[in-house]
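Just so it is clear, none of the values below were taken in a lab; they were calculated from the coordinates. These numbers come from a predicted model, not from an experiment. So basically every Cβ, Gly included, is an ideal-geometry build from the backbone, and we count neighbours across all protein chains shown.
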Protein chains: 2
Amino acid sequence: MKTFNVAIVGLGTVGSGVYKILKQKASLLAHRAGVRIRLVAACDNDAKKRRALNLSRSIAVRDLRQVVNDPKIDCIVELIGGKGIAKKLILDAFKNGKDVVTANKALLAECGKEVFAAAKRSDRQIYFEASVGGGIPVIKSLRESLVSNDISSILSIINGTANYILTRMSIDKMDFKQALKLAQHKGYAEADPSFDIEGIDSAHKITILSEIAFGKSVSLKEVYCQGITHIDEADIEFADEVGYVIKLLAIAKQTKGGIEIRVQPTLLPKDHILASVNGSFNAIYLHGDETGDMLLYGRGAGSRPTASAVVSDIIDLAKVRCANAPLLPYPAFAPISAKKLVDIESRYYLRFSVIDKPGVLSQISSLLGKQGISISDVMQRERKAGRVVPLIVLTHEAYEKNLRAAIKQIDRLKCIKKRTQVLRIEE
Amino acid sequence: MKTFNVAIVGLGTVGSGVYKILKQKASLLAHRAGVRIRLVAACDNDAKKRRALNLSRSIAVRDLRQVVNDPKIDCIVELIGGKGIAKKLILDAFKNGKDVVTANKALLAECGKEVFAAAKRSDRQIYFEASVGGGIPVIKSLRESLVSNDISSILSIINGTANYILTRMSIDKMDFKQALKLAQHKGYAEADPSFDIEGIDSAHKITILSEIAFGKSVSLKEVYCQGITHIDEADIEFADEVGYVIKLLAIAKQTKGGIEIRVQPTLLPKDHILASVNGSFNAIYLHGDETGDMLLYGRGAGSRPTASAVVSDIIDLAKVRCANAPLLPYPAFAPISAKKLVDIESRYYLRFSVIDKPGVLSQISSLLGKQGISISDVMQRERKAGRVVPLIVLTHEAYEKNLRAAIKQIDRLKCIKKRTQVLRIEE
């Protein structure tokens, strides 16, 4: 099996996540990719960060020049961020014949043209799945899965901090300040949160998405950007009353008059699927002329989700650079038996058709109880003494076999007039 | 530029969609892929289907043996379906050195082991994105984007017919028969709908997803399968009252006791993102140990969405088989100007802070009207004569520049006591 030599530069949140995946899952990745990823160097000028990962002496590196000049390194994973050192590192990597994987949205949004031109000149590649939407495979989906589509619009929630704040304001009726404070407490917002809540981070990301989706590149300066600091509880309440939720959307559209691109707090109808994207989750909703509407939803930040995207880029590069690797490993279709349904645990919804008279619930709950099944909710809305009415019971987690045994006995009770309706609940 | 020679076999719904994309978007695809896809043959034994596409004589083929024996064909796109002729075609294609792209879920679910073993023996590949979830890139995401993840669970809505019926029952209060009839009328359900509504189609698809996600293959016979024919309006109403919706879910989980795999109508809490998947849409909700929760949502069937997935597979194969092709084309970052915000059309939410007295709404609507802006909703809930109260106005589509001009004038009115809050609405 061929080997692809990788160096991580920058051991912060994402870098340490990448390090852990490459270390803990080396053999899994080799099996799935048909290429072995060897971590040759893990570089950070902060000794504390190097020590935190317990790096072996053979891979710990302080000075990034050592990495960029090492001829055995095939690929540099740039996770420093920003447009200074990171940019120089990437340009030098190309010159020295190395491919690059990055999560650097600011650099690509502001200097994308220059960076990709440099890659092309050196016949190198730069992959950047992690730059937008963390663990969500939006870049790959746009470039590969949707290859035959003209994308006409993108509506996206691509800042988890802002979405978390708006969600707390909407669901928990907090005001902006309370919600921001909670976000900071939970680690979703920085001490200075302006980058996120003013929409600048979203603007970076929608600039990249617009380039990839439309093949057209709007200057970051031209992206209209309105943050969420002026949204107050009253807006959220009024929107709710008329059937809307407020979300910070990053929007890009191809229209007859040109490309529309902007970041703005937006009212969305509650039945729009984006309205259900809550908390720190991200989602990208797009329209392709072939596929129609599509949504990709997931964790937009955080160490391991973002690292997962970085690692998928490393593997993609490795597979192509090591040309003898198989395209994709064959699914094994190795037979295995499924767990029997009776051994499954679930919550249940039960609709009993019962004679409306005292004592019925007690008989039913006693038979459920004998099978170790406990009840979470009971509902009987209709009252018709002596007649058949529906009695709804929701259970806590129970084994299917116990439930079936209980229902078998319950359905024999005199007070039960029809076979009981049994459905499972997923949380 | 290298050329990859493709034959489509089966010119039904999906096959004709693939034909149209390859024909209409040949140069776009070549530009994006760095390889030229040449359609060498379009084969169907039904002359009507061949004629419907107006095929040129050079590519119209009646007999599939002609295709499978043609040495210049690199890849056969099998869109016949089923386990008879389709299976023989695929096995013969491998023997003759051809790769295969297919949407054949029944074949992969029931004979996957045999088919992939044959591919491996001949060192050929079979790609099958379109077999699950139509245009949704779930197979590629699982195999490539989530390469570093252990997937622990999949909850999926992967039958559009069943989801359409349940949606109509839930939102429009139809009974099962009415909803089925409507689905048939709209072309979402077959004359004999049992394959979809009994959950068999979902069972095929979850078998494939389980193999790809877990690397473990449960026999189709072991997949517990409960359809939706026994769901009645009462269940949907009661579920609604306690905060749930009912969806036909295909579920696969890795648990300590083994793999759970089943298709069942399921109660889902209304705030679960899958609960918002309505109509004929499909969605796959999964949990990876690195990425956390993720959802992929889109059109699960239909000619062009499914064809979009088939074409992405063709391109992926072509790129790797023609090894000199670039990895991925470089984003151009060719500068373009964004449309000016003032030229954008949108619906607007306006919150005016007005003195509560007669005539205020008339003043405001008159100034909006002068700019050609019409009102869709007005709401004033608080009443405090002579005091400041919020007045909410939703507009129809209007140009930003007109809106700004109107607001500028409105904010100068004596009855307006604070700057007007302006938010945009997306539908």
| request: Tell me the distances, shortest first, between B:SER219 and the same position across the other copies, using label points 7 Å along Cα→Cβ, in nm to one decimal. | output: 6.7
| To two decimal places, what compactness ratio does the stretch B:277-427 give when its Cα radius of gyration is scaled by 2.2 N^0.38 Å? | 1.70
| query | Per residue and in Å³, how big is the convex hull formed by the alpha-carbon atoms of the protein assembly as shown? | reply | 184 Å³
| Packing-wise, with mean Cβ within 10 Å as the measure, how do B:201-209, A:276-284 rank, highest first? | B:201-209, A:276-284
| Which entries in the list A:LYS256/B:LYS23; B:LYS20/B:LYS221; B:LYS98/B:LYS253 go over 31 Å, if you measure between the two C-alpha atoms of each? | B:LYS20/B:LYS221; B:LYS98/B:LYS253
| field | Cβ-vector label at 7 Å, A:ARG412, separations to other copies in nm | value | 8.6
| field | Unit charges at the beta carbon, dipole of chain A: most positive-side option, A:THR266, A:GLY279, A:LEU108 | value | A:GLY279
| task | Considering the rotation that carries chain A onto chain B, locate the chain A residue whose Cβ comes closest to its axis and report the distance in whole Å. | result | A:SER276, 2
| query | Relative to the longest principal Cα axis of chain B, at what angle does helix B:360-370 sit, 0 to 90 degrees, rounded to 10? | reply | 50 degrees
| note | With chain A reduced to its Cα atoms and the Debye formula applied, log10 I(q)/I(0) at q = 0.07, 0.08, 0.10 1/Å amounts to -0.49, -0.61, -0.85
| field | Computed label-point distance, nm, for sites A:TYR399 and B:ARG387 using a 7 Å Cα→Cβ extension | value | 6.4 nm
| request: Sort B:CYS43, A:CYS225 so the one with the fewest other Cβ atoms within 10 Å of its own Cβ comes first. | output: A:CYS225, B:CYS43
| note | The Cα radius of gyration of the stretch A:341-425, divided by 2.2 N^0.38 Å with N its residue count, comes to 1.02
| Once every DSSP H run of n ≥ 4 in the protein assembly as shown is given -39500 (n - 2.57) and the sum is divided by its residues, what mean residue ellipticity at 222 nm do you get, rounded to the nearest 500 deg cm²/dmol? | -10500 deg cm²/dmol
| request: Taking a label point 7 Å out from Cα toward Cβ, give me the nm distances from B:GLY359 to the same spot in the other copies, shortest first, one decimal. | output: 7.5
| field | Acute angle (nearest 10 degrees) that the helix B:85-95 long axis makes with the longest principal axis of chain B, alpha-carbon atoms | value | 70 degrees
| said: Between 0 and 90 degrees, rounded to the nearest ten: what's the tilt of helix A:176-185 against the longest Cα principal axis of chain A? | reply: 70 degrees
| said: Can you compute log10 of I(q)/I(0) for the stretch A:138-299 with the Debye formula, treating each Cα as one identical point scatterer, at q = 0.17, 0.20 Å⁻¹? | reply: -0.98, -1.27
| request: Return a whole-number percent for the relative contact order of the stretch B:99-140, with Cα pairs under 8 Å and 6 or more residues apart as the contact set. | output: 49 percent
